[in-house]
Amino acid sequence: MAQWLERSANTQIWFSAEIGRPTEDVLVLPECWRRWSESTAPKLSPLLFEEAIKDRRQSLVNWIEGAGEHPFVVVADSPDEALAFLALALRETDGKAGLLHDRAILATSPEALARIAAASHEAILLVADRETELAAASLTRRHKVIVTHSSVSPQAQEIRQAATRKMMPACKASAICSAQMVALTPALELSASRAFELRKLGGLSAKQLTSLLALPLSLRAFCDT
């Protein structure tokens, strides 16, 4: 049982809640996916990340299984989108939640990060805010640390340059929605001509799509102008 708890962040969260220990400021990947995908109506589909996962999953897995001490950086339109990508990319190739998925856990404060690091050497530490990222710098020798950044964050340009020079493992994981535009056109209340325009331009980014779907139906018509 001790080994089971050591290797699975999901199990640790469940067990901590069962015995009354604090689990504040921590999230497991299924909850990260739920928060992102269910922020709209209709829900966002895993298919939005199909191309990103096909292109970038293996480099992420290779980094986790390797001996490097640098954090891995995932850049997307928003940190939530980057976490949604990780929630899918860390699954097995058949879509099942395997060991890597179960080891990953998001800390939203330095205090939570310290608790997770102390509890499990096997945990893959996810951070999505600057304060926790700074606190994670001292943990990269003993833990795998994945940092998420918005593509418009002040650090994004530096990350792109470092990744180009092979000084930092990183990937861009924005979801592109053009493949789903036909199916989503009725839900978005866009005219066929407008949907065709968007497909020609490469579709919507996931950030644009979530913003559009978050609007009440009565307001979505304004997006068709």
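For the range 101-133, what are the residues that are of a type in the set (S, T, N, Q) and either at pLDDT 95 or above or buried (at least 24 other Cβ atoms within 10 Å of the Cβ) (or both)?
Across the range 101-133, the qualifying residues are Thr108, Ser109, Thr132.
Would you confirm whether or not the range 93-100 contains a residue that is in contact with a Ser or Thr (Cβ under 7 Å, 6 or more places away or on another chain), in a loop (DSSP other than H, G, I, E, B) and modelled with pLDDT of 90 or more?
The answer is no; no qualifying residue exists.
Any residue in the range 142-155 that's touching a residue at least 24 places away in the same chain (Cβ under 8 Å): show its pairings with residues that are in a loop (DSSP other than H, G, I, E, B) and among the aliphatic types (A, V, I, L, M) at Cβ separation under 6 Å, as long as the two are six or more apart or on different chains.
What qualifies is Thr148/Ala128.
So which residues in the range 20-38 are in contact (Cβ under 8 Å) with a residue 60 or more places away in the chain, surrounded by 15 or more Cβ atoms within 10 Å (Cβ to Cβ) and outside any helix (DSSP H, G or I), if there are any at all?
Result: Asp25, Val26, Leu27, Val28.
Being without any contact (Cβ under 8 Å) to a residue 60 or more places away in the chain, touching a Phe, Trp or Tyr at 6+ places or on another chain (Cβ under 7 Å) and hydrophobic (A, V, I, L, M, F, W, C) is the filter here; which residues of the range 43-97 pass it?
Of everything in the range 43-97, those that are without any contact (Cβ under 8 Å) to a residue 60 or more places away in the chain, touching a Phe, Trp or Tyr at 6+ places or on another chain (Cβ under 7 Å) and hydrophobic (A, V, I, L, M, F, W, C) turn out to be Ala87, Leu88.
Looking only at the range 51-71, filter to residues that are assigned to a helix (DSSP H, G or I) and acidic (Asp, Glu); which one of those is farthest from Leu86 (Cα to Cα)?
Only one residue tops the list, namely Glu65.
The values are calculated or read from the model by the stated rules, or taken from the named source; none is laboratory data. Keep in mind that what you see is a predicted model, and the values were worked out from it rather than measured. Neighbour counts run over all protein chains shown; Cβ positions are idealised from the backbone, glycine included.
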